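S.K.: The structure is given below, and queries will be raised subsequently.
The values are calculated or read from the model by the stated rules, or taken from the named source; none is laboratory data. In this text, all values refer to a predicted model and were calculated from it rather than measured experimentally. Glycine gets a Cβ as well: all are built from the backbone with ideal geometry, and neighbour counts include every protein chain shown. Side chains included, ligands, DNA and RNA excluded: accessible areas come from the protein's heavy atoms. Shrake-Rupley method; radii C 1.70, N 1.55, O 1.52, S 1.80 Å.
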Amino acid sequence: MDSTSDEFKESTNLVGNYQGERNEANERHGQGEAKLPNGDMYKGEYAYGKRHGKGTYQFKNGARYIGDYFENKKHGQGIFYYPDGSKYEGSWLEDLKHGVGVYQYANGDTYEGDWMRDMRHGKGTYLFQESGSKYKGMWANNNIEMTGEYIHSNFRFKGSFVNNKPKGPGKFVFDAGYEQHGEYRQDEQDEDDEDEVPVIRWIPKSITGPTESPEKETPQKETSEISPPELQKTEVA
């Protein structure tokens, strides 16, 4: 699905079949049910002609929203079910995911944490269903940024990130008690080769922990050991 399309925008057209309460000005006001001209349906509370309060909006494409409204917009707490099986449950601000919420993606991945204007932004935890690994830390504009921690089955990486990739100082922490300190650096690129993919390498500097050699537990120096699987795109409601 194209998350930038209009397929999840709710109709504000008041023409259509309506059954429910009205005020003295004959506006939809109180409990009501409407079948909209575009095939969508709404059942819930109205105030002065607008969806306002608790309600359920059913899209003709199979999507569904259950939650709070404020002057025709999703605002407050609500759950949005997408046609592909994904779901968002949490805070809304003027039709946008904003505040704290949980997004369950169609492939089983889950993000729980802060949102800002439909994007993962602030503190959050992303669980990769296929591998069982997870990332806990900071986000900015849907990307992993600043400080965070990747947690794998037998080791963790704590450090800094830029645009979803580790960069700068960090450390690997192994279940056996070892810690390997170092930093991630990007190899210099050939200025004439614009298509060259930058390689980020782990540069080990020191090891702390038990006196026995931890070489067998030292991670690969390439970022493939800790780079995340592809982060799932968040649909826009």
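S.K.: Can you name the number of the only condition in (1) farther than 28 Å from Lys134 by Cα; (2) surrounded by fewer than 18 Cβ atoms within 10 Å (Cβ to Cβ) that Asp84 fails?
M.R.: In the conditions (1) farther than 28 Å from Lys134 by Cα; (2) surrounded by fewer than 18 Cβ atoms within 10 Å (Cβ to Cβ), Asp84 misses (1) alone.
S.K.: Tell me which residues, restricted to the range 26-46, are without any contact (Cβ under 8 Å) to a residue 24 or more places away in the chain and either open to solvent by 20 Å² or more (accessible area, probe 1.4 Å) or on the phi > 0 side of the Ramachandran plot (or both).
M.R.: Within the range 26-46, Asn26, Glu27, His29, Gly30, Gln31, Glu33, Lys35, Gly39, Met41, Lys43 meet the criteria.
S.K.: If you don't mind, another one. Could you please give the count of residues in the range 144-165 that are outside any loop (DSSP other than H, G, I, E, B), under 19 Å from the mean Cα position of the chain (by Cα) and closer than 22 Å to Glu130 by Cα?
M.R.: Summing the residues that are outside any loop (DSSP other than H, G, I, E, B), under 19 Å from the mean Cα position of the chain (by Cα) and closer than 22 Å to Glu130 by Cα in the range 144-165 gives 6.
S.K.: Sticking with this structure for a sec: Does the range 124-142 contain any residue that is among the charged types (D, E, K, R), part of a loop (DSSP other than H, G, I, E, B) and over 24 Å from Gly209 (Cα atoms)? Lay out the reasoning, then the answer.
M.R.: Step one: list which residues in the range 124-142 are among the charged types (D, E, K, R), which gives 130, 134, 136.
Narrowing further to those that are part of a loop (DSSP other than H, G, I, E, B): 130.
The next check asks that each one be over 24 Å from Gly209 (Cα atoms); those that pass are 130.
So far as the range 124-142 goes, yes, one or more of its residues are among the charged types (D, E, K, R), part of a loop (DSSP other than H, G, I, E, B) and over 24 Å from Gly209 (Cα atoms).
S.K.: When the range 87-115 is examined, which residues are found to be in a strand (DSSP E or B) and under 17 Å from Lys73 (Cα atoms)?
M.R.: If the condition is that a residue be in a strand (DSSP E or B) and under 17 Å from Lys73 (Cα atoms), then Tyr88, Glu89, Gly90, Ser91, Trp92, Leu93, Leu96, Lys97, His98, Gly99 are the ones that fit.
S.K.: Can you list residue pairs whose Cβ atoms sit under 9 Å apart, with the first residue in the range 129-141 being exposed (fewer than 11 other Cβ atoms within 10 Å of the Cβ) and the second being among the charged types (D, E, K, R)? Count only pairs 6 or more apart in sequence or on different chains.
M.R.: Taking only residues 6 or more apart or on different chains, the pairs are Glu130/Asp109.
S.K.: List every residue pair whose Cβ atoms lie under 8 Å apart, where the two residues are 6 or more positions apart in sequence or sit on different chains, the first residue falls within the range 190-205 and is open to solvent by less than 100 Å² (accessible area, probe 1.4 Å), and the second residue, located anywhere, is assigned to a loop (DSSP other than H, G, I, E, B) and at pLDDT 70 or above.
M.R.: Listed by first residue and then by second, the contacts come to Pro198/Asp187; Val199/Asp187; Ile200/Asp187; Arg201/Asp187.
S.K.: Kindly check whether there is at least one residue in the range 5-23 that is over 30 Å from Gln129 (Cβ atoms), among the aliphatic types (A, V, I, L, M) and either in a strand (DSSP E or B) or open to solvent by 40 Å² or more (accessible area, probe 1.4 Å) (or both).
M.R.: yes
S.K.: Within the range 51-74, which residues are open to solvent by 70 Å² or more (accessible area, probe 1.4 Å) and in a strand (DSSP E or B)?
M.R.: Selection gives Lys54, Arg64, Phe70, Lys73.
S.K.: Let me ask another. Could you say whether any residue in the range 90-97 is under 25 Å from the mean Cα position of the chain (by Cα), open to solvent by 60 Å² or more (accessible area, probe 1.4 Å) and either among the small types (Gly, Ala, Ser) or closer than 20 Å to Met119 by Cα (or both)?
M.R.: The answer is yes; a qualifying residue exists.
S.K.: From the set of residues in the range 98-115 that are open to solvent by 70 Å² or more (accessible area, probe 1.4 Å) and under 25 Å from Glu10 (Cα atoms), which is farthest from the chain's Cα centre (by Cα)?
M.R.: The residue in question is Val100.
S.K.: When the range 166-179 is examined, which residues are found to be open to solvent by 30 Å² or more (accessible area, probe 1.4 Å) and in a loop (DSSP other than H, G, I, E, B)? It would help to see each step written out before you state the result.
M.R.: If we filter the range 166-179 for residues that are open to solvent by 30 Å² or more (accessible area, probe 1.4 Å), which is where we start, we get 167, 169, 171, 175-177, 179.
Passing the criteria: Asp175, Ala176, Gly177.
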